[in-house]
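Asker: Attaching a single structure in structure tokens format; questions to follow.
The values are calculated or read from the model by the stated rules, or taken from the named source; none is laboratory data. No experiment lies behind these values; they were computed from the predicted model shown. Don't worry about glycine lacking a Cβ; one is built from the backbone with ideal geometry, like all the others, and counts go over all protein chains shown.
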């Protein structure tokens, strides 16, 4: 015969199991510190009039705010969910998700489950990761020192952030356009040179420079260090996604630069996730992507899409026609104001 005391003990144990199980759920979300206006640390770029993202008190940006809306909805369904925010550099962000980019080998400090940064959709990434629908449309461009120094023998020709699509296809697309005629031969030679070390941060050496080891093309760990060198006149072309290049150049007072208005590639940004091995984490990621779609495509009555509200906070410039078409196809909203 089962008495009331044993039933009570079982009930308590069941409740404790549910509570502990819920509190044990952790979602590690990767963010960038340097990818303004998409995913960046707010220590020096805070916006006083905008509400702080609930789950990202130290970060902001378009992708961060889109992720924050989905996480808020996920937390309502899973009150015990613990969200851990992890800052990841561009060079190792995909390694943190369990995916190695071509010719990239990086040690990581901590694994992540979701990456909330401006990550371009590529075939190789989709083969080993999960991904959301495209949430933004951009493209690679370049900023140019204006004017180019008269003595440019020891000025790096091209700078870009390591392990981005700018380094894979961006430079070649710009070269094919004929926009860099003045320095084209040496840039092409540097890009075609064999790189024995996959983590090498520079390509080629400037032949007419009296200093040793000044590269033709230099890969930087982040946009902050890249734009600092660029605005100091240490390199001629700063290559990257147009919205990031514009924001970085604007953030530097009196930067002698002109940002080209043309984009030379088409970059569709998605939110990547780890291909989870256990059923619990797989369901958690599935719920995140489901709620991301809900908050973006069918927000609650009286609220606007997560994509629209996030754009209004992150950007001051009007959206391109192509981006407006993409957002409209997802949200049904015709205005990004």
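Asker: When you scan the range 111-123, do you find a residue that is in contact (Cβ under 8 Å) with a residue 40 or more places away in the chain, assigned to a loop (DSSP other than H, G, I, E, B) and more than 19 Å from residue 56 (Cβ to Cβ), even just one? Reasoning before the result, please.
Answerer: From the range 111-123, those in contact (Cβ under 8 Å) with a residue 40 or more places away in the chain are 111-122; that's our starting set.
Applying the additional criterion that residues be assigned to a loop (DSSP other than H, G, I, E, B) yields 111-113, 121-122.
Now drop any that are not more than 19 Å from residue 56 (Cβ to Cβ), which leaves 121-122.
The answer is yes; a qualifying residue exists.
Asker: All but one of (1) in contact with a helix residue (DSSP H, G or I) (Cβ under 9 Å, 6 or more places away or on another chain); (2) more than 28 Å from residue 176 (Cα to Cα) hold for residue 262; state the number of the condition that does not hold.
Answerer: Going through (1) in contact with a helix residue (DSSP H, G or I) (Cβ under 9 Å, 6 or more places away or on another chain); (2) more than 28 Å from residue 176 (Cα to Cα) one by one, residue 262 breaks only (2).
Asker: Within the range 124-162, how many residues are surrounded by 20 or more Cβ atoms within 10 Å (Cβ to Cβ) and farther than 30 Å from residue 283 by Cβ?
Answerer: So the answer is 14.
Asker: Another question, then. Say whether the condition of being touching a helix residue (DSSP H, G or I) at 6+ places or on another chain (Cβ under 8 Å), over 20 Å from residue 267 (Cα atoms) and at pLDDT below 95 is met by at least one residue in the range 132-147.
Answerer: Looking for residues that are touching a helix residue (DSSP H, G or I) at 6+ places or on another chain (Cβ under 8 Å), over 20 Å from residue 267 (Cα atoms) and at pLDDT below 95, one finds none in the range 132-147, hence no.
Asker: Something else: Would you say residue 290 is surrounded by fewer than 20 Cβ atoms within 10 Å (Cβ to Cβ), under 21 Å from the mean Cα position of the chain (by Cα) and in a helix (DSSP H, G or I)?
Answerer: Yes; evaluated as a whole, the condition is true for this residue.
Asker: Could you tell me which residue of the range 60-96 is surrounded by the fewest Cβ atoms within 10 Å (Cβ to Cβ), considering only residues that are in contact with a strand residue (DSSP E or B) (Cβ under 6 Å, 6 or more places away or on another chain) and in a loop (DSSP other than H, G, I, E, B)?
Answerer: The extreme case among them is 88.
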